Structure formats: C-alpha cells, structure tokens
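The values are calculated or read from the model by the stated rules, or taken from the named source; none is laboratory data. These numbers come from a predicted model, not from an experiment. As a convention, Cβ positions derive from the backbone with ideal geometry for all residues, glycine included, and neighbour counts pool all protein chains shown.
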Amino acid sequence: MSITGKTAPGPKPINNILSQIQLMSEFDRDAFGVVAAGFRDHGDLWQITVGGSQQVMIAHPDHLHQVLVTDADKFTKDANYKNTNKGLARFMGNGLVTSDGEFWRRQRKLIQPSFHAKRIEAYAETMVDHTLAQMRQWRDGAALQVDHEMMTLTLNIVVDALFKADVSEDAERIGAAMDAFQEMQKNQSQLVPAWVPTPGELRTRQAIRDLDAIIYRLIAERRARPHDRGDLLTMLLEARDDDGHGMTDVQIRDELVTLFLAGHETTANSLNWTFILLSQYPQVLARLLDEIDSVLGGRTPTLADLRALPYLDQVIKESMRLYSAVPAIGREAKEDVMIGDYLVPKGSTVTLFMWVTHRDRRWWGEDAAEFKPERFAPEREAEIRKYAYLPFSAGPRVCIGNSFAMMEMRLLLASILQRWTFDLIGAVPKAEPLITLRPQGGLRMTARARSVAAAAQVEDALLTV
Ligand code: HEM
C-alpha cells in the first residue's frame, strides 16, 4: 500500500563514494557518537540516505513497539542479516535469526519447545558443572583473559545443553571463527565486494569452512547413532513436514550454526560487561557478594537458589541496560509505513537503537549513565516505561534464548563470584559495536581468589553503603 506523509528530518544525502568512506570511518571511530548526534540534532526519528538507500533511525519506545510488535508483519530483517556476502546469512544461512515469513514461523514452532521453562531448567546443572571446570584453571593474582574465558564457557554450555555434544577441542577454531564473524561486519569492509580476496575475506572463508566441518561432523555422528537423546539436534533430525519430508543437512546446519553463534557470544559479552561494571562499583559488588554468601553459605548454586538472589537478577538487568549485548537491530519496510509523524517508504532500512533508548534520561532519569541495579527492584521495575528496556527485543522475533540466557548468567555469576572477584587491568574498555557489543581490545582482569580476608573487606565496604 502506498501512502503519503512527511519525510523524516536528517542530514543531506551522501552519494559520492568519498563521503561514504568518510561516514564509514566516522562510524568505525565512534558509532554511538554519530548515532547519538543524529538523535540530538533531528529528534526521535531521523533518516540518512547513503548511496541512494534510505536508512531510518529510531529509539523512542513507542516506535520500537510499533516496529517490533504492532506492525511487525510490515517488516522483514534487513540486509545486515540477509545479505549472503556481508550479512549474518553468510555464516548463519537461512536459520532462525535470518529467515522470515512462513519458513521462519515453521522453524520457530519446531525449535521453541527446546526453550520451554521445564526444558531449560534441566540445563542448570550442566551450566554450573562447566563453570566449576573452567574455574579450576584460574590462579590467584594471575591476569586472566576474561573475555576468552567467558566465550569458551558459554560456548561449551550451549553446545552441551542443546546438542549434547562436546566441542571443547575445537574451541580455538570456533573462537577464530567468531572473530572473523564479527570482523566481517566492520563497516569499511562493506564497500569491498566479497570476491576480493582481502585478508579479512580469506579469514571469513576459512572460518566458514571450519564451522561447517565441526557442525557437519556433529550431524553425521548423530545420524550414525540416531537414538533419541532428547536434545534439540535429535528434534531437528526427526522433524517432518506435512508431506513427511525431513530437514536437509543444510537446513539443520543453518539452525545449528545460528544457535551456536546467537547462543554464546551475546551471553559472554553480557557477562564481560557485568564484570567490568562490578569492578568499577565496589559498593554494588559488596552488596552482591553479601547476598550470594548469605544465601549459598559456600554451597554450589542450584536452580532453586536463584529465587533467593534478587539483587543478582537486578545487577544483570542493569548491566544489560547500559551494555546491551545487541545494541541495535535492523529491519526493512515491506510497504510504506507511518512511524510517528513520518513516512517510512517501502524498502527503507529501519534501525532500532536500543543502546540509545537504554540511556535516554527521559526514561531513566538524570542518573541514566550510572550503574544502579535498584532500578530493577520489583517495586520499581513495574514503573519502567514500557518498551524502554529491550535487551532481548520484543514481539514475535523476541530472543528465543531469553530465559536460557538469564538463568545461565545468574548461575554463572553466582558460581564465579562465590570464589573469585576481578580487578580490571588498565582503563575501562571502549564498547565496540560489532554484531554484538564487545569490550574493544579484549578484557584482561586480575583474578582474586576470595578468602576470609576478602570476605572481611566485603563487610567493610557494606558498612559504607
Ligand atoms: C544475554 C544474552 C542474549 C541477548 C542479549 C540476546 C539478544 C537477542 C536479540 C536482541 C534478538 C533479536 C534480534 C532481531 O530480532 O533482530 C535475539 C534473537 C535470537 N536469539 Fe538471542 N540473545 C541472547 C542469548 C541467546 C541465547 C542463549 C540463544 C540460544 C541458545 C539465543 C538465540 C537467539 C535466536 C535463535 C534468535 C532469533 C529468534 C527469532 O527471530 O525467532 N539468544 N537475541
């Protein structure tokens, strides 16, 4: 349907290649700064036309609600997902994150049962066991590459929980594949076609070959020994459509790679930012350690303990407000749509900047930039502006792993902080918005084994709260 309406405000169109390169490098240097300036200069909805393609930026809760929920069927995923050379589809194929329409609906219905509350609860022990194993390698006072530790840990968990498989020996190759995956989305590379064998492009090709080898091996092993292990891989292998056809290996590969990638880097980065914030806010850390120590009394945490750890929940939610692991998501308008007072023409890209929404003083108050977990205390959480907090998105395409991730982060943090705290080495890293939000340059911290002396320090800090 074609409709008429005002064009959204924004800077002059950028058409020549030099200006495009300049914009890309500004974006590379400070993407959040560029975007925030756009909202400051033009208001809640603004647009920029680059090389003839119109890109609309939104961050107002009402607009996010419209695109994600009320008008969700008027949008598809944008080229950042679907482009098979430079988008997520290059790695993920046509899996749950990148697919649309009837195919997506069918696959979501098929995969959803693996994420039902009862199924997820069964993963709790696996999550804690992997954490205990990972911590055995840490040494008191030693520098720890926390980002690598979290990536390996969350990868092992998602693969064990969903596919009952062990990829620990492939962790290095998968880590390199993740780096290539993130790097592929760096803006400047978008201007170079994928057939040009730049070093980055060669790394991407190698990463896909490595991931394929690992995933097809998992599929072949399971097809060879098809007894039901009650996991997601078995369900995918046994799924039949109305005509009795099963999924091809390529379709299963796409869903596995999707869950593999979507299911660990996001969680790992949310944990990274939580450790960084806790190292900067000793009073929050002290209160959290006090809660963990008094509830667990030295016991390894279980699922049943989580209800008694409300502050832990608040800390994670607040950390994901300030450092949303997925800071923005993109859609393409399938038809002309009015958002607020403005016409968003068919074919425009609409980018939803949760990063901006999560830090907007109108919804979070003058102290929006501060790390204050009490915002999510039960009596205050209900007052949060609807759709101003969307770390897992909303509507039909809401994150399927939402509850899995929340449970995982709570169990991991409780298990780790019971025994270890971390001091940041160097300055607070810059947030690097690739596909997920990474601490730029990685995250090195000094691991401190908690002892009686450490517990006494916690008591001291608490007295000053
Ligand atoms: C803190 C951790 C996580 C965060 C912040 C996060 C965030 C998100 C967001 C914002 C989306 C929406 C993307 C869009 O619509 O464009 C999404 C989708 C998705 N997430 Fe997560 N996620 C997390 C953990 C997980 C986990 C643990 C899994 C699986 C084990 C997972 C699997 C997926 C899948 C498959 C989708 C696509 C769902 C669909 O479109 O039907 N995520 N996630």
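Some points to look at:
- Cβ separations smaller than 8 Å between residues 6+ apart or across chains give the following pairs from segment 192-211 residues that are within 15 Å of residue 83 (Cα to Cα) and of a type in the set (Ser, Thr, Tyr) to residues that are in a helix (DSSP H, G or I) and modelled with pLDDT of 85 or more: 204/90.
- Per the conditions (1) buried (at least 20 other Cβ atoms within 10 Å of the Cβ); (2) more than 12 Å from the ligand (Cβ to nearest atom); (3) of a type in the set (A, V, I, L, M); (4) in a strand (DSSP E or B), the sole criterion not satisfied by residue 414 is (4).
- Within segment 166-207, being modelled with pLDDT of 80 or more and part of a loop (DSSP other than H, G, I, E, B) holds for one residue alone: 198.
- Within segment 317-358, if we keep just the residues that are more than 16 Å from the ligand (Cβ to nearest atom) and not in a strand (DSSP E or B), the residue that is surrounded by the most Cβ atoms within 10 Å (Cβ to Cβ) turns out to be 348.
- Note on segment 283-309: residues that are at pLDDT 95 or above and among the small types (Gly, Ala, Ser) amount to 4.
- Considering 271, 277, the condition of being crowded, with 23+ Cβ neighbours inside 10 Å, at pLDDT 95 or above and within 16 Å of the ligand (Cβ to nearest atom) is satisfied by 271 alone.
- Here residue 253 qualifies as within 16 Å of the ligand (Cβ to nearest atom), over 17 Å from residue 153 (Cβ atoms), touching a residue at least 40 places away in the same chain (Cβ under 8 Å) and assigned to a helix (DSSP H, G or I).
- Residue in segment 289-310 that is in contact (Cβ under 8 Å) with a residue 60 or more places away in the chain, within 12 Å of the ligand (Cβ to nearest atom) and of a type in the set (Ser, Thr, Tyr) present: no
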